Amino acid sequence: MKERHACDLLIIGGGPAGMTAAIYAARANLRTILLESNITGGLVNSTHTVENFPGRPGVHGMELMESMRAHVDSLPVTVEEVCDVQRLLLTGQEKSAETDHAVYTAKAVILATGRHPIPLETPTEAEEVHHCAICDGAPYAGKRVLVVGGGNSAFDESLYLLGLGVEHITLVESTDRFYAAQSTQDALLGSGKVTALTRTRVSDLVVREGHLTGAVLEGDSGHKTVDVEGVFVFLGQKPNNALFAEQVELTDAGYIRAGEDMSTNLPGVFGAGNINHKAFRQITTAIADGTIAALAAERYLRSLS
């Protein structure tokens, strides 16, 4: 028999949007439970330096998220981390989320599930393929690595890798130019430790005796193999919508169609953060979404009483 936990508001996702919603919900005296599949903070945890958060210039992403989590912990909010929701039912007045060990029920739900990195698709797989230099970069000090992607994330994470002492970076972008801010491009490409290639894609990986030893690149001049011991992939992100894709109205790209009050097509269900269809995705916009979603959820719950 699984444990059952009832609350007023159930929040799925513990990034900036989800934690902000939890703070506002708790202050509105809503019994609130937050379920996070990993650890709270989301992808912000892997951001080396956040330079555009008001009042906190130059703060490490994980430090910023730890301070937000501390705020949540100061309030009567139940937070379940590393919590794998297997089934989510959003229709009807009572919503539910089911995990291996428990069933959580509520009359209102905020979906703040965010996005996940797009993987590198190659015929050969390797354990040395990563999506976060801050998380996984340290073992590559003194080694040669490949970075895939030409946007701000690829360039920022490459600078971080150089700071860790990586010997050399081969950076590849499939289009004809890089898209990172010019100042970041200048800093990285002027280091003397980077070979940057456009119109180039990774066609395969080379693995010998269980370890990555190289990558096969395909460009205008044909194929060539570069010696690398690690790969860091920054090809963008896709929405985490698998739990509710058949219930909530989504865009063709898989994002929630949320109203101005973050409401979805289902009564009592709200979207917040990077899972929503929106023009800009920043920490501050996720926080704004979480605020609005919590206030709207509180108003919805009052309408039921």
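The values are calculated or read from the model by the stated rules, or taken from the named source; none is laboratory data. On a predicted model such as this, the values are computed, not experimentally measured, just so you know. Every residue, glycine among them, receives a Cβ derived from its backbone with ideal geometry; neighbour counts consider all protein chains shown.
Could you tell me whether any residue of the stretch 30-47 is over 20 Å from the mean Cα position of the chain (by Cα), under 24 Å from ALA296 (Cα atoms) and of a type in the set (Asp, Glu)?
Residues of the stretch 30-47 over 20 Å from the mean Cα position of the chain (by Cα): 30-33.
Next, from what is left, pick out any that are under 24 Å from ALA296 (Cα atoms): 30-33.
Subset that is of a type in the set (Asp, Glu): none.
No, there is no match, as no residue in the stretch 30-47 is over 20 Å from the mean Cα position of the chain (by Cα), under 24 Å from ALA296 (Cα atoms) and of a type in the set (Asp, Glu).
When only residues in the stretch 260-297 that are among the charged types (D, E, K, R) and over 19 Å from GLY14 (Cα atoms) count, which is surrounded by the fewest Cβ atoms within 10 Å (Cβ to Cβ)? Walk me through it before giving the result.
Residues of the stretch 260-297 that are among the charged types (D, E, K, R), as a first pass: 260-261, 278, 281, 289.
Okay, now just the ones that are also over 19 Å from GLY14 (Cα atoms), so 260-261, 278.
Details: GLU260: 7, ASP261: 13, LYS278: 16.
Top of the filtered list is GLU260.
If we scan the stretch 211-221, do we find a residue that is more than 19 Å from GLU125 (Cα to Cα), outside the structural domain of ARG281 (by TED's automatic domain parsing) and not polar (S, T, N, Q)?
Applying the first criterion (more than 19 Å from GLU125 (Cα to Cα)) to the stretch 211-221 yields 219-221.
Then drop every residue that is not outside the structural domain of ARG281 (by TED's automatic domain parsing), which leaves 219-221.
Then drop every residue that is not not polar (S, T, N, Q), which leaves 219-220.
Yes, the stretch 211-221 contains at least one residue that is more than 19 Å from GLU125 (Cα to Cα), outside the structural domain of ARG281 (by TED's automatic domain parsing) and not polar (S, T, N, Q).
Identify, by number, the condition in (1) crowded, with 17+ Cβ neighbours inside 10 Å; (2) more than 20 Å from GLN237 (Cα to Cα) that ASP176 doesn't meet.
(1)
Of the residues that make up the stretch 284-303, is at least one part of a loop (DSSP other than H, G, I, E, B) and of a type outside the set (Ser, Thr, Tyr)?
So far as the stretch 284-303 goes, no, none of its residues is part of a loop (DSSP other than H, G, I, E, B) and of a type outside the set (Ser, Thr, Tyr).
Give all pairs with beta carbons closer than 7 Å in which a residue from the stretch 244-259 that is in contact (Cβ under 8 Å) with a residue 12 or more places away in the chain and buried (at least 20 other Cβ atoms within 10 Å of the Cβ) meets a residue that is of a type in the set (A, V, I, L, M) and in a loop (DSSP other than H, G, I, E, B); count only pairs at least 6 apart in sequence or on separate chains.
Sorted first by the residue in the stretch 244-259, then by its partner, the pairs are PHE244/LEU90; VAL248/LEU90; VAL248/LEU266; ILE256/VAL248.
Of everything in the stretch 199-235, what is touching a Leu at 6+ places or on another chain (Cβ under 8 Å), loosely packed, with under 14 Cβ neighbours inside 10 Å and of a type in the set (Lys, Arg)? Give them in sequence order.
LYS224
Hey, can you tell me all the residues within the stretch 73-90 that are over 16 Å from ALA242 (Cα atoms) and either modelled with pLDDT under 95 or under 19 Å from the mean Cα position of the chain (by Cα) (or both)? Talk me through it step by step, then tell me what you get.
Quick first cut of the stretch 73-90, residues over 16 Å from ALA242 (Cα atoms) only: 73-82.
If the condition is that a residue be over 16 Å from ALA242 (Cα atoms) and either modelled with pLDDT under 95 or under 19 Å from the mean Cα position of the chain (by Cα) (or both), then VAL79, GLU80, GLU81, VAL82 are the ones that fit.
Which of the strands (runs of 3 or more DSSP E) contained wholly in the stretch 163-237 include at least 1 residues that are among the basic types (Lys, Arg)?
Details: elements: 168-172, 194-197, 201-208, 211-219, 222-227, 230-233.
Answer list for the stretch 163-237: 201-208, 222-227.
Given the options GLU209, GLU249, name the one that is on the phi < 0 side of the Ramachandran plot and of a type outside the set (Ser, Thr, Tyr). Lay out the reasoning, then the answer.
Working: GLU209 fails: on the phi < 0 side of the Ramachandran plot.
Testing whether each residue is on the phi < 0 side of the Ramachandran plot and of a type outside the set (Ser, Thr, Tyr) leaves just GLU249.
Residues to consider are VAL206, VAL228; find the one that is over 28 Å from the mean Cα position of the chain (by Cα) and either modelled with pLDDT of 95 or more or in the same structural domain as PHE155 (by TED's automatic domain parsing) (or both).
VAL206
Output the residues belonging to the stretch 135-157 that are small (Gly, Ala, Ser) and either free of Cβ contacts under 8 Å to residues at least 60 places away in the same chain or assigned by TED's automatic domain parsing to the domain that holds ILE39 (or both). Working first, answer last.
Let us first name the residues in the stretch 135-157 that are small (Gly, Ala, Ser), namely 137-138, 141-142, 149-151, 153-154.
Once the filter is applied, which keeps residues that are small (Gly, Ala, Ser) and either free of Cβ contacts under 8 Å to residues at least 60 places away in the same chain or assigned by TED's automatic domain parsing to the domain that holds ILE39 (or both), the stretch 135-157 yields ALA138, ALA141, GLY142, GLY150.
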